[in-house]
Amino acid sequence: MLEDVHHECGVAGAMHPAEGHDVVELVAAMTRNLEHRGGVAAGIAVPQKEEFRVIKGSGHAASVLTSRRVHKLSGQSALGHTRYATAGSEDRALAQPEEQQSANPDERFVFGWNGNVTNVDQLRRDEVLRGASLRTTGDTEPLKMQILRGIQRHTSANLAAVFADIERAVDGSFNIAMLLQDGTLAAYRDRQGRHPLNYAVADDGCVLVASEDKAMRKAQPGVHPLPINPGELLIARRDGLQLQQVMEPDPRRCFFEWVYFSDGKSSFDGSHVGAARSASGRILALLDAIAPDGSSVVAVPDSARIAADAYAHQKKWPILPEGIVNLLPGQRTFTTGDPARTEKARKKYGINRDLLEGKSIVLVDDSMVRGTTMRELIQRLRTEGGAAQIHLRLACPPILSPCFYGIDFPEIRQLIARHNFNGALRSGTLPPEVLKIIAARLGVDSIQFLPVEAIPLAIGCEMRSLCMACVTGKYPTSCGQQRAEIAEGSQLPTRRN
């Protein structure tokens, strides 16, 4: 994706039941393997005696959790986190893991989480009425207070009751991993299971937890990760591993995990991310009757390569892997503001005129949100690459509505798919006249999006098990729907003729 839409966070943790086993470097490695889910800040925490040792700072996990820094820590259990700020500022103080200090050992914990609290304003008001003084903006501190109050009510020996209370109080999306003072590792995935959370048990008994299974397999070869189910709680203590179903599952998995966020080699609840992207590319090709026969296929590096390869294979058209070259491989640039995005587009991609000049190309990207940097790239393909025709194909439906569950989608007026018309679209399909307007704004000869109904086909699941609110406008929680209706009423643009 050209525009690095951001996701709030990735978590990683481990607990070894035997004395003398150090898991710090393992957790640091898993956290570094998840930095495509963050990029603003990272950290790691280890329980030691009557306190937690915490290292955290601004930047990518690879720059914060260096071997030299984490070498200062050791422990049988550890918790790591990589963060992007979808709620709250990018203040270093908001880096996680977040620590709860207390004179009562039962109330001491650190936690990191992935998601977004939709009813955060109400939770913050409730805390103020209780006399709490909140130090930060955003939703992490109110969520920490929910955990603390649950432990005070039920004790840390009954974490199932703690998370049941959180489910009743919190609207939104939350995967939570935490460490208690005694080294217990716990992980909970909300009942709608919007984002992935996985665990594995190594041959030596070490329990691993991570947002993506690939992070575990890369850091600890030979493990066989399994998903923590929606509404399920994992507790790893020195005397054993426990999995407990706390809430009845109501799966609403975020389809964007398959489109963009998760690594192509990861699986989300048994559905392989790369396979879903490949299927999306094939469907795009089957539905495309506009691009001239024999066009050359070019991917926007790097997340669209799988879909582009499948598109080209289905069409039996040539693919040009070096048509656009990523000059910053492996990096997602976490910037805000249009000038920064445009400058990033110039610096990130190289255009190969020798391969593109005079050709009709099908440019495949995984998705498009604002269109700011796509417009810049199209212009460069014309001027620097000499492309004769450019047909843009998106392996995702048009983004029509904001996300309130942990993805940094902008306000409605910033969404290119909503910029030129009034009304609340619910079908996820744009009228032909709107597609023509978008194509003209971007400078392409044609544009096509993947239909909404193709997403569950590509993933291999039922549509009702997915959260597709950003492309259908149908939100799976009450507060999310309320916020969407407010946004619709206040931000819809005026039609441009």
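The values are calculated or read from the model by the stated rules, or taken from the named source; none is laboratory data. Treat the numbers as computed from the prediction; the structure is a model and nothing was measured. Positions of Cβ are generated from backbone atoms using ideal geometry, with glycine treated the same way; all protein chains shown enter the neighbour counts.
I'd like to check something: does segment 90-109 contain any residue that is assigned to a helix (DSSP H, G or I) and more than 30 Å from Arg237 (Cα to Cα)? Yes: one or more hits. Mind listing whichever residues of segment 379-395 are part of a helix (DSSP H, G or I) and surrounded by fewer than 19 Cβ atoms within 10 Å (Cβ to Cβ)? Result: Gln379, Arg380, Arg382, Thr383. Among the residues making up segment 20-42, those that are assigned to a loop (DSSP other than H, G, I, E, B) and closer than 21 Å to Ser266 by Cα are Asn33, Leu34, Gly38, Gly39.
When Gly80, Gly75 are checked against the criterion of being in contact (Cβ under 8 Å) with a residue 12 or more places away in the chain, in a loop (DSSP other than H, G, I, E, B) and touching a Pro at 6+ places or on another chain (Cβ under 8 Å), a single residue qualifies: Gly75.
Only residues that are surrounded by fewer than 21 Cβ atoms within 10 Å (Cβ to Cβ) and either aromatic (Phe, Trp, Tyr) or within 27 Å of the chain's Cα centre (by Cα) (or both): list them for segment 53-70, please.
Val54, Gly57, Ser58, Gly59, His60, Ala62, Ser63, Thr66, Ser67, Arg69 - these are the residues of segment 53-70 that are surrounded by fewer than 21 Cβ atoms within 10 Å (Cβ to Cβ) and either aromatic (Phe, Trp, Tyr) or within 27 Å of the chain's Cα centre (by Cα) (or both).
One residue stands out among those in segment 135-172 that are surrounded by fewer than 22 Cβ atoms within 10 Å (Cβ to Cβ) and touching a Gly at 6+ places or on another chain (Cβ under 6 Å): the one that is farthest from Pro97 (Cα to Cα), which is Asp165.
Restricting the search to segment 36-52, which residues are closer than 24 Å to Ala236 by Cβ and under 17 Å from the mean Cα position of the chain (by Cα)? Passing the criteria: Arg37, Gly38, Ala42.
Suppose we keep only residues that are in contact with a helix residue (DSSP H, G or I) (Cβ under 7 Å, 6 or more places away or on another chain) and assigned to a loop (DSSP other than H, G, I, E, B) within segment 110-134. Which one would you say is surrounded by the most Cβ atoms within 10 Å (Cβ to Cβ)? The selected residue is Thr118. Taken together, the residues in segment 41-57 that are without any contact (Cβ under 8 Å) to a residue 24 or more places away in the chain and of a type in the set (Val, Ile, Thr) amount to 1. Of all residues being over 13 Å from Ile44 (Cα atoms) and aliphatic (A, V, I, L, M) in segment 54-92, which is modelled with the highest pLDDT? Just the residue, please. For segment 54-92, the residue satisfying everything is Ala85.
Answer yes or no as to whether Gly371 is at pLDDT below 95 and at positive phi.
Details: at pLDDT below 95: yes; at positive phi: yes.
For Gly371, the condition - at pLDDT below 95 and at positive phi - is met.
Per the conditions (1) of a type in the set (Asp, Glu); (2) at pLDDT 95 or above; (3) surrounded by fewer than 18 Cβ atoms within 10 Å (Cβ to Cβ), the sole criterion not satisfied by Asp239 is (2).
Within segment 164-185, residues that are free of Cβ contacts under 8 Å to residues at least 12 places away in the same chain and in the same structural domain as Arg237 (by TED's automatic domain parsing) have Cβ atoms under 9 Å from residues that are hydroxyl-bearing (Ser, Thr, Tyr) and part of a strand (DSSP E or B) in no pair, counting only partners at least 6 apart in sequence or on another chain. With the condition kept exactly as written, say whether any residue in segment 470-490 is at pLDDT 95 or above, of a type in the set (S, T, N, Q), assigned to a helix (DSSP H, G or I) and closer than 22 Å to Pro196 by Cβ. Looking for residues that are at pLDDT 95 or above, of a type in the set (S, T, N, Q), assigned to a helix (DSSP H, G or I) and closer than 22 Å to Pro196 by Cβ, one finds none in segment 470-490, hence no. Looking at segment 184-196, is at least one residue surrounded by fewer than 18 Cβ atoms within 10 Å (Cβ to Cβ) and either within 22 Å of the chain's Cα centre (by Cα) or within 30 Å of Glu19 (Cβ to Cβ) (or both)? No, every residue in segment 184-196 fails to be surrounded by fewer than 18 Cβ atoms within 10 Å (Cβ to Cβ) and either within 22 Å of the chain's Cα centre (by Cα) or within 30 Å of Glu19 (Cβ to Cβ) (or both). Pairs linking a residue in segment 468-485 that is closer than 17 Å to Arg191 by Cα to a residue that is surrounded by fewer than 18 Cβ atoms within 10 Å (Cβ to Cβ) and modelled with pLDDT of 90 or more, with Cβ atoms under 6 Å and 6 or more positions apart or on different chains, are Tyr475/Gln481.
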